[in-house]
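For reference, the structure is listed below as structure tokens.
None of the figures in this text is laboratory data; all of them are computed from the coordinates on show. Please read these numbers as outputs of a predicted model, since none were measured by experiment. Cβ sites come from the backbone with ideal geometry, for glycine too, and all protein chains shown count toward neighbours.
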Amino acid sequence: MELVTLLIATTCSFLIFLRKPADALIIYILALAWYPSYVTLKLGTVDFPVSRILIIAIFFKICLSASLSFKFKISRLDKLMLVYFMAQIVSGLFTEPMKDLLINRSGACLDTICPYFAVRILLKSKKDYIYLLKGIIFLSVPLGFIGMYQSLTGKNLFGFYRQYHAWGKTASLDYLLRGNFYRAEVTFSMSIMYGLYYSILTPTCCAVVLCVKGHKKTIYTLLLIAMVFSGLACMSSGPMLAMAVSALVLCCYRFRGHWRPVVYFFLAFCIIAEIVSNRHFYDILGSLTLNPETAWHRSKLINIAFFEGGMRGHWLMGFGFKDPGWGPRLGAYVTDITNHFILILCRFGLLGLIPFILIIIESIRQLLSALTISSNVKDKKIIWCLLSTMGGSLVAMMTVSMVGQPVTCFYIFLGFCVVLNNINYNTEMKRLKQSRRRFKRKIVLQK
């Protein structure tokens, strides 16, 4: 299978060099979604999925193109990304052997930091951004139909790939049922990751409907509905809840000026629930999920990490990639960390968690800044689609730890946040300059 992996990676890399920047990103996301990340090309002790090879090809393309490599301004979020990655390295120096740390973080860099900066460098206009989203829709819908087929029949058309798993053979999850449906996983490591892929990209791609007219609007609306059902085929609470939150945020666009009362109401609810109830407020919120048992697990995980001494002696640097030993208290042999924030805290301590939280805050600030400066209603709605994705993703990260393809998709999404802010700023500056010129001409004519 390594020969097939090499052939696919070589072909896609060749296409990346031939096509324009937005096409290069589409090819990268195509390989990310359609080719399992656990089928790799082994070079020494390092495993290279197709996506890692392609991101290297993209950066070769950037280095060879002067127009791409020299027109780049570093933003605050770019700096935070680098700080977050360096914090992981510093933390790992105290918890992991140097060789293992370098191998692990070099792979993580290719999966997270590099895709983020690729988006930042390659996307320069709203036209390219919408073109990329259209490409994502057309490559995601067929994969979604395969997922829906698996959910209905229990047959994974890509299940044969599991025998070539780079880290050992794993059993297929086709037999798992929830609500009379099978849990689709398709090319992903597990059904939850498959659902997260769609929960991140579907709300973002809603922007395409705003930029097309006539029968195309109907076509893209139907395709987006298909993407929603594709994500639901995972039959997992986290992605479903993320999509529900994103849909709610999208519907609240008209009431965006009243966000403060909503936030105050939610905070008041949490405080009152904490005081009145004999359970923590997050226990009550967790009861809204499909499976009460998993809700208990997530609540207990928070209690252990923050209130029962689970992080004692490891708050600053974390445990590294070792099991923290919380499994017996969670009713299991090993610790299943179903919270992305706690996963980061457990691995890298506060040294890693604080920069990650700052990254999310800065991303939201970038989107709110773009929303404020934009004078075009359509542009505001496009930005709002990203805000809805952020809302859904934050909820999802409280219920599941992201691994594999969804992690890369999330960092691509973070790149979108900065790109749209820059695009909207440049657009508004051009409009301002044009209005000044018209004003000066009007004065000259009056004289």
Extension gain from I361 to L394, taking 0.36 nm per residue of separation minus the Cα-Cα distance:
10.8 nm
Here the net charge surrounding P239, from other residues whose Cβ is less than 14 Å away from its Cβ (Lys, Arg +1; Asp, Glu -1), is +1
Treat each spin label as a single point 7 Å out from the Cα along the C-beta direction, and report the I74 to K322 distance in nm.
3.5 nm
All other residues with a Cβ under 12 Å from the Cβ of Y131 taken together, and with Lys, Arg as +1 and Asp, Glu as -1, what is their net charge?
+4
With -39,500 (n - 2.57) per DSSP H segment of 4 or more residues and division by the full residue count of the chain, the 222 nm estimate, nearest 500 deg cm²/dmol, is -23000 deg cm²/dmol
Test of understanding: what is the full-extension gain from F160 to L93, defined as 0.36 nm times their sequence separation minus their Cα-Cα distance?
20.3 nm
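Once you have the Cα-Cα distance between V334 and K378, take 0.36 nm times their residue separation minus that, and quote the gain in nm to one decimal.
11.0 nm
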Size of charge dipole - the range 2-446 - debye, nearest 20, with Cβ of Lys, Arg +1 and Asp, Glu -1, no other charges:
2700 debye
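May I ask you to derive the FRET efficiency for Y253 and F85 from their Cβ-Cβ distance with R0 = 25 Å, giving the value to the nearest 0.05?
So, using R0 = 25 Å, E works out to roughly 0.15.
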Volume in Å³ per residue [convex hull over Cα atoms, computed for the range 312-432]:
105 Å³
Tell me the trypsin sites (Lys or Arg not before Pro) within the range 196-251 that lie in a loop according to DSSP and have at most 12 other beta-carbon atoms within 10 Å.
K213
Summing Lys, Arg as +1 and Asp, Glu as -1, what charge do residues with Cβ under 13 Å from the Cβ of Y84 carry, Y84 excluded?
+2
Which entry in (1) 85, 61, 48; (2) 74, 52, 36; (3) 102, 48, 39 matches Cα extents along the principal axes in Å derived from the coordinates of this structure?
(1)
